[in-house]
Amino acid sequence: MKQMARALILIVATVGFACASFAESWQDRMDHTMAFFAPYWDEASGSFPSEINYDGSVKSETRHLIATSRMVYGLAHIGDIEKAKRLAQFMVEQMLRNDSYGPYFLTSVTPGEEAVAPTELVVNHQAYGLNGLVALYQKTGDQMTLNLIYQVFETFMKRFHDEQFGGFYDKFNLETGEAIKTKSYNSTVYVATSFLFDLYEATEDEQFGHLLAELATIVGRHFPDSETGFIIENFDRQWNPQWREWQKQPEGTIGISGHNFQAAWLLIRASELTEVISKQQEELFRATAAEILNSMLSKETVVDKTNGGVGDVYVRETSQTMWHTNKAWWQQAEAILALRAAELAQLNVPNAKTVRKSIQDFYVNKVIDRENGGEFAVVTKEGAPVVGEMKAQLGKSTYHAIELGRYMLKYGE
């Protein structure tokens, strides 16, 4: 029975793809993204599966927190408020738990199965749990949603925020009730970009603005690395570099190009929060953003002048690609947004427009799947889709594509 249902979903999806129009506007591209996911809606649970294979078949019935919350974000910003509400309800009822600190999100659940209790919480997972709820509040102004956001945020601060040295810890151990006191790109940039900017814009609550200023100041002071030209991504509690796990290899330390572009975009956006930052902070944010972007644009291995687009993972000390030469959909989106924001902010990034246009053309012509819907998660250096890479997974639903379209509509061409 389950196999028949999955086959029917694939047939419906294929018909939907064939009927979907694709035009050359960011609104159309946002609609195109949602058209891929629409046939997978499960009315019984009020949710979407989070794992969809390259061929459109459903790999599992797992609902991942990040993918699910990002789907609420996509639905809300595309205007499908009723489904956004249903999916947010699923998150609250199936993925939200409480302990002595307060509410937290489960990393993943499967409808009809008992959820596995986690032993630790990961800061960027919890931050992205708020992503969809904040988007829903932006679009509805619902007070109950806002009350829940404040409850989760208050607990988030108690678990992860470092009152002494600033910023957020990477993890929180539920068994010991103690934070794991390392810090990283994930605990800094993702916290700001996943929900804080939108929450501050929606509420005008200065505590969120001041927290954004704190995080941007940390990025400006501690992330740049003049020796490699790639930002530093791992730290100890006092913001000393502390490379670990997969980002420390025999060849050197590992950097992600998309993280550099995303950090620069954060700084540009933070530089505009003049009501909560000083003139010195504004200057720091703008100068550091320009430094990061000029560094990325100067690296021939990062910006592909032949094929277009930007690469993925690098040995920071040599700027050589690591493991592969493929290109990920989300990193193209972050590069486009950072460079467009740099243009508008009139930063000293001489090639921003030319490079941005090239990356944008690559994204539109190679990353967007015009035939079958949605976006390819990964393409080769030349832009051919990497068969086997899932079109939906733990970190991929609608977020990056909808965020790109949303802000490009705001920024203009």
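The values are calculated or read from the model by the stated rules, or taken from the named source; none is laboratory data. Computed from a prediction, not measured in an experiment: that's the story for all the values here. Cβ sites come from the backbone with ideal geometry, for glycine too, and all protein chains shown count toward neighbours. To get the accessible areas, we keep the full protein, side chains included, count just its heavy atoms, and leave off ligands, DNA and RNA. Shrake-Rupley method; radii C 1.70, N 1.55, O 1.52, S 1.80 Å.
Descriptive notes on the structure:
- Single unsatisfied condition, Gln280 versus (1) closer than 26 Å to Ser187 by Cβ; (2) touching a Gly at 6+ places or on another chain (Cβ under 9 Å): (2)
- Out of Thr301, Thr306, Thr274, Thr318, one residue alone is open to solvent by 30 Å² or more (accessible area, probe 1.4 Å), touching a helix residue (DSSP H, G or I) at 6+ places or on another chain (Cβ under 7 Å), β-branched (Val, Ile, Thr) and assigned to a loop (DSSP other than H, G, I, E, B). It is Thr274.
- Scanning region 137-151 for residues that are touching a residue at least 40 places away in the same chain (Cβ under 8 Å) and open to solvent by 10 Å² or more (accessible area, probe 1.4 Å) returns Tyr137, Gln138, Lys139, Thr140, Thr145, Leu146, Leu148, Gln151.
- The combined condition, being in a helix (DSSP H, G or I), open to solvent by 40 Å² or more (accessible area, probe 1.4 Å) and over 12 Å from Thr398 (Cβ atoms), is not fulfilled by Gln126.
- Met157 fulfils the conditions (1) open to solvent by less than 60 Å² (accessible area, probe 1.4 Å); (2) touching a residue at least 40 places away in the same chain (Cβ under 8 Å) except for a single criterion, (2).
- Scanning region 56-113 for residues that are open to solvent by less than 10 Å² (accessible area, probe 1.4 Å) and at pLDDT below 95 yields a single hit, Gly56.
- Residue count for region 355-394, restricted to those that are touching a Pro at 6+ places or on another chain (Cβ under 8 Å) and not in a loop (DSSP other than H, G, I, E, B): 3.
- Unmet requirement for Gly374, which otherwise passes all of (1) at negative phi; (2) buried (at least 18 other Cβ atoms within 10 Å of the Cβ): (1)
- Of all residues in region 348-399, those satisfying the criterion of being out of contact with any Gly (no Cβ under 8 Å at 6 or more places or on another chain) and charged (D, E, K, R) are Lys353, Arg356, Lys357, Asp369, Arg370, Glu371, Glu375, Glu382, Glu389, Lys396.
- Filtered by the rule that a residue be of a type outside the set (Gly, Ala, Ser), outside any helix (DSSP H, G or I) and in contact with a helix residue (DSSP H, G or I) (Cβ under 6 Å, 6 or more places away or on another chain), region 395-413 gives a lone residue, Thr398.
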